[in-house]
Every structure is written in C-alpha cells, then in structure tokens.
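Data first, discussion second: the structure below is written as structure tokens.
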Amino acid sequence: VKRVYAFGKDAQGNNVTEGDKDMKYILGGKGANLAEMAVIGLPVPPGFTITCQTCMEYANAGNTWPEGALDEINKYRQDLEERMGKRIGDADDPLLVSVRSGAPMSMPGMMDTVLNLGLNDESIKGLIKHTENPRFSWDSYRRFIQMFSNVVMGLDGDLFENAITTKKLVKGAKSDTDLTAEDLEELVAEFKQIFSDNVSAEDYPLLVVDGKVQFPQDPDTQLRLAIEAVFGSWNNPRATLYRKQNKIADDLGTAVNVQTMVFGNKGNTSATGVAFTRNAADGTNEFYGDYLVNAQGEDVVAGIRNTSPIAELKEVEGLQEAGRELEGIFGILENHYRDMMDIEFTIEQGKLWMLQTRVGKRTAAAALKIAIDMEKEGLITKEEAIQRVDPEQLDQLLHPQFDKNATYDVVARGLNASPGAAVGEAVFSAADAVEAKAEGRKTVLVRWETTPDDLAGMIAAEGILTSHGGKTSHAAVIARGMGAPCVCGVEALRIDAEKKEAAIAGTDIVIREGDMISIDGTTGILVLGAVDLVMPELTGDLDTILAWADEVRTLGIRANADNPADAQLSRDFGAEGIGLCRTEHMFLGDRKQIIQTFILNEDQEVREEAVAKLFEAQKGDFYGMFKAMDGLPVIVRLLDPPLHEFLESPRALDVEIAKLEATGGDAAVIAEKRALMEKIDSFAEQNPMLGLRGCRLGIVYPILPVMQVRAIATAMAELKKEGLDPKPEIMIPLVSTVNELAKLRAVAEQTIAEVEEAEGVKLEIPIGTMIELPRAAVTADEIGTKADFFSFGTNDLTQTTFGFSRDDVESEFVPQYLAEKILPYNPFATVDPGVAKLVKMGVELGHVGNPDITCGVCGEHGGDPDSVKIFHSIGLDYVSCSPYRVPLARLAAAQAAL
Ligand code: ADP
Ligand code: MG
Ligand code: MG
C-alpha cells in the first residue's frame, strides 16, 4: 500500500502532486485540497501527506508503526529536501516544516499542528545566517519549542506563557514584539529547561542524554514524535467527543501533512490571514477575511493582536500585489469548487502562499443567499442549490433570537435543547407559570427536569430551563414539539423548588422567583436580566429555496398542532394539513378539574354533566382548528394518555395530608383528602405507558370517544353551514388488533350519523388509526380493512419495538449504549432501521387491506432530516412534525427526492 503522497513542485518547478480533492478519505480534507490547489497551479508550499489509513493502522496496533511506513516517510522527506534544495536541521540553510493534522471531515481546533519543526541549536545558526534576522530566528525557535512541548509532549502551555510574561516584566517590555533577539535567545534556553524539568525520563527514555531529558535535537526524532502526536490526537477526548456530537465515524483516522514552512513573520511585507470567498455571515459576494502583518499561524485566530480586513491588503505598500493575486484566486477557487471556500494564506516578503482551502462554513442566512446567487450566476443548478442548504440549519432562522447588538453576561451554560431565545420572570413550578400567564406576565419555567405534570406550565411559559436531562429529556422533546426555547442540563444550577430559588454553583448568584432571566436555546446559555429579542425575519431567500424545494419533493408535509395559533403558524410555514392534533393538550388548565370530576365520580349524573362541559369546550377548540386549516385535512387523535396523568400526584396529596395532620388540620378535610388519595391510588398502574390508555380508554369509557367525535362532527357541521370547507379526520390511537379499531370505528360512525341527522348536514369524516405497536404493524393488512388512513406514531413505535421507556432514555443504559456503539445513534432522534422496517411493512400490508389507504408519520422523527429521507424511500405519503420544523421538512423532503 502507498502511505505517502507528495504535493507541490520540484526543484525545476514541475508539479509532482500525487493526490487530488477527491481523495479526502485517504489524504484528509486538508491534504486533498492542498494537492488540488497545487494541481490547478496555485502557489502551495511543497510537502507530503501521510494517509489516514496509516493513522488507523498505527492506532489499532497499539501505537506502533506498520512495517515500512517509516522508511516511506523518510524517502518522501529526502525527496522534499531535494525539491527544496535544503535539508531539515541543516546548520547552513535549514529547511523548516510544519506538521499538520487533517481529517476527512473538518474538525476545527480538535487536533494539533506543530510549526517551525527542524530547528535545533545548530540549524538556528543557519537560519540566522540565511535570513540575517536573529530576532525572527530566535522567535521561531522559541515558538517551536513551545508548540512541540505543548502539542507533542502534552506539557501545560501556561508553563511557557508564564515564562514569557516574566521575561517581559524583567525587561520592561510591553508586548511580545518588544522582546529583543537576545531576550528571545534567553527564553529559548529557559524553555529548554522547562522541557527537561517537566518531561518524564521514564515515558521518553529516547530523549535522555547525559542522564537527563533534553529537548530533541535530532530532526528525525522531532519529526517522528510530531507525526505520532498528530496520529494520537485523533483519539484525544476532545476529538472523540466532537466526532460523537457531529456523527463522524471513529475509524476514519487523520492524515498528517508535512509541509515546507513559509513565514508571515519576516517583517512588514509579510503577513498571515484567513478568508472566505464570500461573506460567511450574510452571503454577500465580497472580499471577506482578516490578516495580520508580521505574524505567524495561529496569531490571527488567537486574537492577541487586532486584525485588519483583507480588503486593505490591496492598498498596503509591499502587500498590494499579493492582495490582488489573492482576490484572483478567490475567483479561481469558486469556479473550480463551485462553492464558497474558506482559505488560509501567508505572505512571505510579498509572495503569496496558499496554506489551506475547504468548503466554507456559513450561517443559515448566508447558505441561502449563496445558493441562490450561485444559481443565478450559473455556477450551480437549482437542484444543487437545494442540496447546498442544511435543513437542520434553517432552525436558526425560525425562532426569536437575542438581538445581535445586545450585550450580556452568560452566567451558566447547558445544552441547546430547543432553539430560540426567551425572556421572562423565573418561576419554579408549572402552577406559577400558569398563574403568571393568566396575569399577562411572561415567565421562564425553571425545573430540575420536567414531567408530564408540568405540561400546562411549559405551555404557559416563554421558555424552559432545567438543570438535568439531555437533549432527549422530557423538557427537550416537549419544548421542541411546541417550538418553545429550552436550555436543559445546566449543571451549575442548584434549584430549590420549595424555596423558589436557584443558586449558580461556583458563584454567589441566586435567582429568585420573579427575577428576569433570559435563555438562548440555540446556544444553550442562561443570562441574568432581560436581553432584547428580535423576531426572525423570513427573508425572501428562504421562501425562494423552499419554493424550489416544493417543486421537486413528492412527500407531503403536515404539522402537529393542537391550537388555532399553532395551526395558523403551520400553515404560514407551508404545512399541507395537520397530521396530529393531540386532544389531551385541550384538557389542561381549568379543564383538568372537569376531567378529574369525570374520572373520580361514580355518580352517573355528575359524570354526564362533566362530559357535557368537556363537549362544549372541545367543540370550540375544534371549531378554531378546522377554521384555521380550512380546506386542509386535520387529523384529530382521540384521547391517548393514561388517565392518571390528569389526576393529582398521590405523593403530593400524601405530603399535604401529613402536613394537615401535623398542624392539627380539620379532620373532615383530612378524611376527604385521604379518600381522594385512595381513589387516585386505585388508578395507579405498574406500567402506565402499557396500561389503560389509547383506544383502550375509549373501549372502557365509551362516553369519552362519543363526546369527542360528537364535538368534531358538530364543529364541522357548524363550519359547513357557514360555507367553509372543514376537513377533519378521526384517529384512534394505540390499536393493536383490528377488533379494537372495528369497535371504535362503529361507535364513531354511529355518532357521526347522529350529528348528521341532528344538524342536517352531510359529513364525510375519514377514520383511521395510529400504528405505534409492533402487532399493529405486522397485522396491518387486517387493520387496513377498517382504516382510511394510517399514521405511524414512531415515538411510541420506537419505545415498544425496543422495549425502551422513552421517558427514561437519558438515564442509565442508553447513554452507555451510545458511548459503546451498541446503538449507533439515539433511535428517538433519528428513526432506527428496525423500526423503519416495521413502518415499511405496515405501509405495504396496509395497502393490502385497503389499496387507497393514506400513510403518514407523526412524531419527532417527522421533523428530523435524516428520518425524512428514510420515510421518503419507504413510500409514505407525508410526514407531520412540529410547526417550526415544517420548513426543514420541506427542504429535507426535496433533498430526499433528488
Ligand atoms: P488547523 O487545522 O487547526 O487550522 P493548520 O494545520 O491549518 O491547523 O495550521 C494552523 C496554522 O498554522 C495555519 O493556518 C497557518 O497559518 C500555519 N501554518 C501551518 N502550516 C504552515 C506552513 N507550512 N507555513 C506557514 N504557516 C503554516
Ligand atoms: Mg487551518
Ligand atoms: Mg403514541
């Protein structure tokens, strides 16, 4: 196998590059693009790349070199020395190189780079002689020792920074640039001493000379250790975590680029900088980037000195020509790559060198503008423009955000669980949030973690902040579903819900009820006080791309919404109907009382009265929903959750009773509470999610589905009489056998017929079911005979297929499964192949039972771009997702169709 590839020119100026841009899985992104730039004739300092596969072989063999690899590297090193006419470590005119990591996927800042390699006590003399610049030479040497010690040996960078600070104090130097050549020479000696004192002879016997560790003088040793360190950086904890978060495979490895150094720190006609071929923030086609005169490498990003905009390059004496050449190269790169590129460059004494290019990261707004502009410029096609925008990124544009001009201090950080920003008074219970909302006050609900009991408060609050739980915790999932901003897992937050306050660990900050706080769920931060918010403007660009997407997609997009405002929002975002209207959300607030009365009373009359009240309330809800969605389908799901979710927590009652008893409370009240508690206890189930819920509720309490169907049908009849075109559909949840559906379908049909009779209007209402239990999926041919439509409830289907409780996925084993790769990803976020197989089977069998059946997906997966692609390929008719994710789903569906 070939393990090393050359790039750049030889001594005669011939291009000897062996790779190209399509080899990023072999050469890494940086290596492949250095090769490509060399091939198209751009000025690239010559070098060679060691492959990613070598890194993996080395790592898998317990950090030992595969046979022949070191010889091959040595051969390419000698070849590079010949091409440059200089030798590494030479005492007369030394070649210096950088050793740069570069993985197939960009992992910014995750792995390491060493500059100025090849300097030692001999070659420094050659560098001084050749450059006639002792200050520059000593500065290069001290940077090398510093980087080598930090990156390769893992020494604490502060050891060196402190030495520099001390030196500046002693010499009365204000900044680094005030240090003289002699000062720097002294620093080099001190740095070598720090090295000897801090590197263990046991770990590095190779570096022991005369009984103690010495900074390596042999260039071969320097090079080998640096390459090994870059290989090792692939598996450092930072890089491993980054890969996990960005779904990058662990077995790709990183390449190593050994490249001739060029120097941006050789005086005022030298510079170094970074640039984008267009504005990465807003997409404007302009000369965009920053540079620093007389600087090296990381100085630009490190922010130690103020950079200048590269547009100025073209005006600065000595840099003008390089500036013009750079601008020309922007055009060459864009034409060649047909995309916006990100560039690193260095100017050495007026001569421009290209050190890196890759497709540039950009904000969502810039992505849209660039895609559309490039289509107009004829650089890319419409289809490519659609592919250029990451659906996930659109989220940035669809929620309120902190005003860019606002200033604020971040007091704590957590996970960015649900995007958007929220400002409000801190409240510590759902009830307080509901109460505040009723009084017109805005709140942020602060909880340890949320439970279904908090739902009303979550709806009432502007945003949700929790100290526990990850991105698929209850708070996160519900918040995303509602489109509410959520920051979760803020570990520094020490909540005392009883006292209604929260302390921030490590500070003396205490947030009390009523204090204004701001959260940003896009970045996961908590801020004290109210930050100004800006509502997102849906720019014309977003509309344009989505219109293009609608032209190509075949998958329908609906929304999950259960109130008229959300329904309207969904419509505005382009939803073609409501795929899931959850009626239990209509039973909160005041209505919880009514449903409690129904559940807890034996008395038939009291019960019927409660149901009549619920009927009126629900009819009003449906009326508003169907009106907002006039002409479009609205699937209403009959009551689904276990009844106990509507009851008080028996534990809370227990506490209340204990308190009353301790304080000598009224005996009658205590007895009443106790009776209530016993009653509630009688509804307790070991596994409520597998218990009396879904269609089972309707079979045990037929009065409930009758009431709901009557409310749906009556609302429809009223709207029809007003001349509108309401299109409700009735969905029966949690069916496992066709007999359940047959029974409830008959109940629904009879109820609809009664309403038709009473209202004197003809009502066509399709009746279907959710497929969310494996048995339903595998007997979908039977169930299909009784269903006009299927909606795959992939949240519950995932839960019941795996037998994982979706409310507990964050707790014990699932995180470990993910860490150990027993599960490749969280199946509640992106649909699992096994679950997808059940969906596919359900779709196919469903068509056996009813050739005209409509099949969709509701649940979080409907708004996940990766899942949308899978659902497209399975042949579903539509996906339904939260209103805010409708635009994403439209785009993802188009990308799936291309
Ligand atoms: P990263 O992947 O973190 O960007 P790089 O390998 O690109 O790391 O190195 C960081 C910086 O070091 C580059 O942007 C460049 O300024 C400098 N650098 C790397 N190699 C060379 C070189 N051969 N000559 C001059 N500067 C270099
Ligand atoms: Mg770089
Ligand atoms: Mg369900």
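The values are calculated or read from the model by the stated rules, or taken from the named source; none is laboratory data. Because the structure is a prediction, the values reported are computed rather than measured. Quick reminder, even Gly has a Cβ in these numbers, built from the backbone with ideal geometry, and neighbours come from all protein chains shown.
The residue pairs whose first member lies in region 315-326 and is touching a residue at least 24 places away in the same chain (Cβ under 8 Å) and surrounded by 15 or more Cβ atoms within 10 Å (Cβ to Cβ), whose second member is of a type in the set (S, T, N, Q) and not in a helix (DSSP H, G or I), and whose beta carbons are closer than 9 Å, counting only pairs six or more residues apart or on different chains, are Gly318/Asn268; Gly318/Thr269; Gly318/Ser270; Gly318/Gln349; Leu319/Asn268; Leu319/Thr269; Leu319/Ser270; Ala322/Thr269. Please verify whether Asp112 is touching a residue at least 40 places away in the same chain (Cβ under 8 Å), within 16 Å of ligand 1 (Cβ to nearest atom) and charged (D, E, K, R), treating the condition exactly as stated. Considered against the rule, which asks whether it is touching a residue at least 40 places away in the same chain (Cβ under 8 Å), within 16 Å of ligand 1 (Cβ to nearest atom) and charged (D, E, K, R), Asp112 comes out as yes. Can you find a residue that is modelled with pLDDT under 90, within 16 Å of ligand 1 (Cβ to nearest atom) and within 30 Å of Phe215 (Cα to Cα) anywhere in region 271-291? No: zero hits. For Gln259, the criteria (1) part of a loop (DSSP other than H, G, I, E, B); (2) under 30 Å from Met56 (Cβ atoms); (3) within 10 Å of ligand 1 (Cβ to nearest atom); (4) touching a Pro at 6+ places or on another chain (Cβ under 7 Å) hold in every case but one, which is (1). Residues in region 149-201 that are among the aliphatic types (A, V, I, L, M), in a loop (DSSP other than H, G, I, E, B) and either more than 30 Å from Ser233 (Cβ to Cβ) or over 40 Å from the mean Cα position of the chain (by Cα) (or both): Ala173, Leu179, Ala201.
For region 814-854, a residue qualifies if it is within 16 Å of ligand 3 (Cβ to nearest atom) and over 19 Å from the mean Cα position of the chain (by Cα), and the qualifying residues are Val835, Leu838, Val839, Gly842.
Looking only at residues in region 289-321 that are part of a helix (DSSP H, G or I) and among the aliphatic types (A, V, I, L, M), which one is nearest to ligand 3 (Cβ to nearest atom)?
The residue in question is Val301.
A quick yes/no check of all residues on (1) out of contact with any strand residue (DSSP E or B) (no Cβ under 6 Å at 6 or more places or on another chain); (2) within 16 Å of ligand 1 (Cβ to nearest atom); (3) not in a strand (DSSP E or B):
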| position | (1), (2), (3) |
| --- | --- |
| Leu744 | no, no, yes |
| Gly768 | no, no, no |
| Ala776 | yes, no, yes |
| Asp781 | yes, no, yes |
| Lys786 | yes, no, yes |
| Phe792 | no, no, no |
| Thr800 | yes, no, yes |
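Elements of the type helices (runs of 4 or more DSSP H) sitting completely within region 818-898 and holding at least 3 residues that are in contact with a Lys or Arg (Cβ under 8 Å, 6 or more places away or on another chain) and on the phi < 0 side of the Ramachandran plot: these cover 886-897. Scan region 467-478 for residues that are touching a strand residue (DSSP E or B) at 6+ places or on another chain (Cβ under 6 Å) and either under 20 Å from His399 (Cα atoms) or free of Cβ contacts under 8 Å to residues at least 12 places away in the same chain (or both) and report the count. Counting residues in region 467-478 that are touching a strand residue (DSSP E or B) at 6+ places or on another chain (Cβ under 6 Å) and either under 20 Å from His399 (Cα atoms) or free of Cβ contacts under 8 Å to residues at least 12 places away in the same chain (or both) gives 3. Here Glu57 does not qualify as in contact with a strand residue (DSSP E or B) (Cβ under 8 Å, 6 or more places away or on another chain), at pLDDT 95 or above and surrounded by fewer than 21 Cβ atoms within 10 Å (Cβ to Cβ). Would you confirm whether any residue within region 706-728 is in contact with a helix residue (DSSP H, G or I) (Cβ under 8 Å, 6 or more places away or on another chain) and under 18 Å from Glu645 (Cα atoms)? Scanning region 706-728, I find no residue that is in contact with a helix residue (DSSP H, G or I) (Cβ under 8 Å, 6 or more places away or on another chain) and under 18 Å from Glu645 (Cα atoms), so the answer is no.
Every residue in region 181-204 that is of a type in the set (D, E, K, R), farther than 11 Å from Leu155 by Cβ and at pLDDT 95 or above, please.
Step one: filter region 181-204 for residues of a type in the set (D, E, K, R), giving 182-183, 185-186, 190, 192, 197, 202-203.
Then drop every residue that is not farther than 11 Å from Leu155 by Cβ, which leaves 182-183, 185-186, 190, 192, 202-203.
Those that are of a type in the set (D, E, K, R), farther than 11 Å from Leu155 by Cβ and at pLDDT 95 or above: Glu182, Asp183, Glu185, Glu186, Glu190, Lys192.
Among the numbered conditions (1) surrounded by 18 or more Cβ atoms within 10 Å (Cβ to Cβ); (2) farther than 20 Å from Met261 by Cα; (3) touching a helix residue (DSSP H, G or I) at 6+ places or on another chain (Cβ under 6 Å), the only one that Pro66 does not meet is (1). Would you check if there is a residue in region 692-699 being at pLDDT below 95 and among the basic types (Lys, Arg)? Yes: region 692-699 contains one or more residues that are at pLDDT below 95 and among the basic types (Lys, Arg). Close Cβ contacts (under 8 Å, 6 or more residues apart or on different chains) running from residues in region 360-389 that are farther than 19 Å from Asp342 by Cβ and among the acidic types (Asp, Glu) to residues that are part of a loop (DSSP other than H, G, I, E, B) and modelled with pLDDT under 95 comprise Glu383/Leu898.
The set of residues from region 78-104 being touching a residue at least 40 places away in the same chain (Cβ under 8 Å) and either more than 30 Å from Gln245 (Cα to Cα) or away from ligand 1 (no atom under 12 Å from the Cβ) (or both) comprises Asp79, Leu80, Glu82, Arg83, Met84, Gly85, Ile88, Gly89, Leu95, Leu96, Val97, Pro104.
Residues that are buried (at least 20 other Cβ atoms within 10 Å of the Cβ), assigned to a helix (DSSP H, G or I) and in contact with an Asp or Glu (Cβ under 9 Å, 6 or more places away or on another chain) do not occur anywhere in region 269-277.
For region 164-179, residues that are farther than 20 Å from Asn306 by Cα and small (Gly, Ala, Ser) total 1.
Quick check on Met629: is it under 30 Å from Val389 (Cα atoms) and modelled with pLDDT of 90 or more?
Numbers: under 30 Å from Val389 (Cα atoms): yes; modelled with pLDDT of 90 or more: yes.
Considered against the rule, which asks whether it is under 30 Å from Val389 (Cα atoms) and modelled with pLDDT of 90 or more, Met629 comes out as yes.
The one condition from (1) more than 16 Å from ligand 1 (Cβ to nearest atom); (2) closer than 30 Å to Phe263 by Cβ that Ile347 does not meet is (1).
Listed by first and then second residue, the pairs linking a residue in region 331-344 that is modelled with pLDDT of 95 or more to a residue that is assigned to a loop (DSSP other than H, G, I, E, B) and within 15 Å of ligand 2 (Cβ to nearest atom), with Cβ atoms under 6 Å apart and 6 or more places separating them unless they lie on different chains, are Met340/Gly360; Met341/Gly360.
Residues that are more than 22 Å from the chain's Cα centre (by Cα) and surrounded by fewer than 20 Cβ atoms within 10 Å (Cβ to Cβ) within region 357-377 comprise Asp373, Lys376, Glu377, listed in sequence order.
All of (1) within 16 Å of ligand 2 (Cβ to nearest atom); (2) within 25 Å of Gly47 (Cα to Cα) hold for Asp290 with one exception: (2). Quick check: anything in region 255-275 more than 16 Å from ligand 2 (Cβ to nearest atom) and under 30 Å from Leu368 (Cβ atoms)? No; the residues of region 255-275 include none that is more than 16 Å from ligand 2 (Cβ to nearest atom) and under 30 Å from Leu368 (Cβ atoms).
Looking across region 299-316, the residues that are within 12 Å of Ala275 (Cβ to Cβ) and at pLDDT below 85 come down to Val300, Thr307.
For region 96-112, the count of residues that are buried (at least 18 other Cβ atoms within 10 Å of the Cβ), over 20 Å from Val4 (Cα atoms) and away from ligand 2 (no atom under 16 Å from the Cβ) is zero. Selection over region 622-643 of residues that are more than 15 Å from Ala575 (Cβ to Cβ) and within 16 Å of ligand 3 (Cβ to nearest atom) gives a count of 8.
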